[in-house]
1. How many nm is it between the label spots at residue 420 and residue 437, if each spot is 7 Å from the Cα in line with the beta carbon?
2. Can you give the relative contact order of segment 247-312 as a percent, counting alpha carbon pairs under 8 Å and 6+ residues apart?
3. Roughly what % antiparallel, to the nearest 5, for the DSSP beta bridges in segment 255-443?
4. Compute the label zone of residue 228 within segment 332-349: residues whose backbone N is under 11 Å from the point 7 Å along Cα-to-Cβ.
5. Can you compute the label reach from residue 4? Point 7 Å from Cα along the Cβ direction, backbone N cut-off under 14 Å, restricted to segment 167-196.
6. Any chance you could tell me what percent of the C-alpha pair distances in the chain go past 34 Å?
7. Taking the DSSP beta bridges in the chain as the whole, what percent of them are antiparallel, to the nearest 5?
8. How high is the relative contact order of the chain, in percent, counting Cα pairs under 8 Å that sit 6 or more residues apart?
């Protein structure tokens, strides 16, 4: 990897205009694992200028050229998969086996799916038989500012960069300054794959610096952001003066509704899903709503699942969860666990502090609260840690009421053997996604939320549309070549 302090601008690795070093901390050891530089106005200006110049040519590229480039990106990405897994595991604490499979695998999955979506997408389409001389043209929105989080680095980078390239856009990416190593490696991959100079640019920085500069920059035509709802609101305000579209993938407080007729593995599966990636997933099912008749049994199963969930260093192989990403995140999660206890929730597993025998690293105990009411802080706020809140419900109507009683609306979950009941629930739950009986959404399905979980959709054809303008043309000549 080149000097981690450098940025990737206009096809070259360049030093920041002004040195502003920041240490990257390995959350398993609390030791410095790299040093990056935080960019400023001059760096963003240079990257945006490169992107604007590149857009003039890349926007005119053919679909075949874009497909060929994405195939090369996928090939190089797969070749560097081992390096990428090590980078992600080191910077944000994902256990190395999870990093190799789910974390790195998500990137390859999305690249492949966008190739498929692009192959079937028509950038020029007739309006309809009623208007034979009208055409609808889809063209790249322009220069896109992209701000990605630390929790699923390649999942989010590929969900933004790849469809933007497919749409004919150019871009400036700001990865999370907490976990920037995977982003730097991704820039290497793009360079090796032969992405034209200026189409992809990377500037490291924090939200208050590079993030704010990007979102308010007059040379940036659109923003795509994944992160907290608080930051999403700030970004929307910052972008308002330039009237650029802002696509937001924000927080969640997913309800996992488990009916009495759910399969026998539903509770364990839900708890494991909550703890996966140390709970640092916006779509984690952190509120487990359980029908009253099976409530006591569900609490026992969830508690046992938490107690059997091992924690360990991110570099160690095996099925365990790693640390939280940072001291700030550890402090936040500890505070919310204490809040749950103070507000009267019944602690049945885990609790405050590090796991037994651990005295360094941002490790937490997988924690389960029972007898939670939906007005408690732990049921309202996104914790972003391995903390499960179990809430009883009486019937289907009660379950819908509790599940929808949140400012978030990203992913909800339903567990029942009654197909008609599942379908009714899916229609009534106010969320961008509903997953039922442990079945994941299919390749190319749109990812996104309602309410304070954001707007826009990522993945598949919907992911392409976020980076396209729609142009209506009349008087189209049939003689067009």
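1. Label at residue 420, label at residue 437, 1.6 nm between them.
2. Normalised by residue count, the contact order of segment 247-312 is 43 percent.
3. Of the beta bridges lying entirely in segment 255-443, close to 15 percent run antiparallel.
4. Flagged as within label range: 332-333.
5. Taking a point 7 Å out along Cα→Cβ of residue 4, the residues of segment 167-196 whose backbone N falls under 14 Å are 176-186.
6. When every Cα pair of the chain is considered, 36 percent fall beyond 34 Å.
7. Bridges in the chain are about 40 percent antiparallel.
8. Dividing the mean separation by the residue count of the chain yields 19 percent.
Every read-out reported here was derived from the displayed coordinates using simple, explicitly stated rules and does not represent laboratory data. Computed from a prediction, not measured in an experiment: that's the story for all the values here. All Cβ positions, glycine included, derive from the backbone under ideal geometry; neighbour counts span all protein chains shown.
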